[in-house]
Amino acid sequence: GVVCLLRPLLLDVIPSIRQTAALALGRLADYDVELAEAVVKAGILPQLIHPLPEENRYYKKAAAFVLRAIAKHSPQLAQAVIQCGALEMLVICLEDFDPGVKEGASWVFGYIARHSPELSQAVVDAGAVPLLVLCIQEPEIALKRIAASTLSDISKHSPELAQTVVDAGAIAHLAQMILNPDAKLKRQVLSALSQIAKHSVDLAELVVEAEIFPVVLTCLKDSDEYVKKNGATLIREIAKHTPELSQLIVNSGGVAAVIDCIGSCRGTVRLPGIMALGFVAAHSENLSMAVIVSKGIPPLCACLIEEHEDHIKAAAAWALGQIGRHTAEHARHVAVANVLPTLLDIFVDTHSSEDLKMKASRFTKKTLKNILQKCTYLPALEPLLHEAPPSIMKHIIGQFSKVLPHDSKARRLFVTTGGLKKVQEIKAEPGSLLQEYINTINNCYPEEIVR
């Protein structure tokens, strides 16, 4: 019954008792969702926020803490905070002289906005965005951090919400802070720019026009893992939109920087960089070749071997597929990196989880098809004959049946490396496509060699 006992203390004549009661309620609400609901059900919120404009800065900070502790748990509780009229009071707090009060209000807006587009829109409608943009220009680092984080939370849901942040002039101020020495601030700044850039070509171009290149590439060498990750995410969100934006990344040295970043870290930090390379390579033959020339294939192959998480391996397989899918030359570069046996190992590994098998098989089949359909004969394909599962084997045999009739060097190699011998061991259904491929290969050789 403590919540009900604390409620009258919010009306105590002594200011320190009022703020300590608020702090106690905040700590309870922060602990779990049930306690937060109990605070709301006790009807405390209207009582808490009504006197805010007249209260001192300590009470304002404590009250903001209560609102943030409630709003963070669920969209429903965030809605309860809005319904009691808190947003109008919090906007007043954003205009307060004390940076700690502004910081407290920014936290609440962030926790409300992150839940859904509707709640984010409520924050925008309350007039918080221009004030948050002013907050990122304040000298206090802690205030800058949370204001940037809140702008990120508002921007993430839709192009329209991101546009309101852009219209308030946020991009220029965020871009200037990419070089700030504070790692936690850089994380939030890069996140906010990513959430703006991800929605559309126009928004991505506005971010690029703030001259974030080549400055943002320094973040990929940062000692803070999250700065690296968020920097790579920003590059990914720009690269995915158009060949022109990807070309700009290439021209600024971005591909080489992303490749170095992938090579220098492990785990999920690698993921946005892997995706960025895939998006760049997907756009055109020239952009894919830029990834190849910058030596992007070896670190992607390393990800397939070194990483344990299925989604990281799947992303690396997808990126390699994007690089190899354009021409025979592109496919050759992927194949000679000896990536195909590695992909097959993932595909047939009995220890893989079902999720990993599903993702790996989808990406692996697609990647192999892309490469096999474009490759002329390659020694790199040879090992696959000896270890590929049946579902992939058909594509490999089909590839050889296309190439061997027209390439004498390939025919000779196919015998000496044991490929022809392996083909004789394959049991194919009579009249099947696989049997046709095998017959075509056998017809390339005198009968005594086949025997």
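The values are calculated or read from the model by the stated rules, or taken from the named source; none is laboratory data. Computed from a prediction, not measured in an experiment: that's the story for all the values here. We place every Cβ from the backbone using ideal geometry, glycine too, and count neighbours over all the protein chains shown. In case anyone asks, the SASA skips ligands and DNA or RNA and just uses the protein heavy atoms, side chains included. Shrake-Rupley method; radii C 1.70, N 1.55, O 1.52, S 1.80 Å.
Numbers at a glance
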item: Rounded if a/c under 1.5, otherwise prolate or oblate - the chain, Cα gyration tensor axes; result: prolate
item: Net length gained if the chain between Leu433 and Asp182 were fully extended (0.36 nm per residue, minus Cα distance); result: 84.2 nm
item: Within the accessible area of the stretch 1-117 (1.4 Å probe), percent carbon and sulfur; result: 59 percent
item: Centroid-to-centroid separation of the stretch 167-211 and the stretch 290-323 [C-alpha atoms, Å]; result: 27 Å
item: Å³ per residue enclosed by the Cα convex hull of the stretch 275-345; result: 71 Å³
item: Protein-only accessible surface order, largest first, of Asp224, Asp32 at 1.4 Å; result: Asp32, Asp224
item: Difference of contour (0.36 nm per residue) and Cα-Cα distance, Lys41 to Val415; result: 126.6 nm
item: Computed accessible area, Tyr226, all protein chains, 1.4 angstrom probe, square angstrom; result: 130 Å²
item: Amide N of the stretch 183-197 lying under 19 Å from the label point, which is placed 7 angstrom from the Cα of Ser264 along Cα→Cβ; result: 183-188, 190-191
item: Euclidean distance between Cα centres, the stretch 6-34 to the stretch 47-69, Å; result: 10 Å
item: Packing rank of 38-44, 306-312, 55-61, where each peptide gets the mean count of other beta carbons within 10 Å, highest leading; result: 55-61, 38-44, 306-312
item: Accessible solvent surface per residue of the chain, calculated while the other protein chains remain in place, 1.4 angstrom probe, Å²; result: 44 Å²
item: The chain, relative contact order [Cα under 8 Å, separation at least 6], %; result: 7 percent
item: Heavy atoms of Ile82: accessible area, 1.4 Å probe, square angstrom to 10; result: 30 Å²
item: Prolate/oblate/rounded label for the stretch 1-117 (Cα gyration tensor, a/c 1.5); result: oblate
item: Sequence-separation-based contact order of the stretch 162-309, relative, with Cα cut under 8 Å and 6+ spacing, percent; result: 19 percent
item: Relative contact order (percent, whole number), the stretch 1-117, Cα cutoff 8 Å, 6+ residue spacing; result: 25 percent
item: Computed FRET value (nearest 0.05) for Cys4 with Ser158, which takes r as the C-beta separation and R₀ as 45 Å; result: 0.65
item: Debye, to nearest 20: dipole size of the chain, +1 on Lys, Arg Cβ, -1 on Asp, Glu Cβ; result: 1360 debye
item: Residues in the stretch 116-145 that a label on Glu211 would reach, taking backbone N under 15 Å of a point 7 Å out along Cα→Cβ; result: none
item: 222 nm mean residue ellipticity, helices alone, for the chain (DSSP H n ≥ 4; -39,500 (n - 2.57); rounded to 500); result: -22000 deg cm²/dmol
item: For Val165, solvent-accessible area (1.4 Å; no DNA, RNA or ligand), Å²; result: 0 Å²
item: Modelled FRET efficiency - R0 56 Å, Ile141 with Asp407, Cβ distances, 0.05 increments; result: 0.30
item: Computed FRET value (nearest 0.05) for Glu118 with Ala328, which takes r as the C-beta separation and R₀ as 56 Å; result: 0.65
item: Among the listed pairs Lys295/Lys409; Lys60/Lys102; Lys184/Lys221; Lys186/Lys228; Lys41/Lys156, those beyond 21 Å (Cα-Cα); result: Lys295/Lys409; Lys41/Lys156
item: Stretchable slack from Val293 to His50, in nm (0.36 nm times residue separation minus alpha-carbon distance); result: 81.1 nm
item: Cα gyration tensor category, rounded, prolate or oblate, for the stretch 143-243 with a/c compared to 1.5; result: oblate
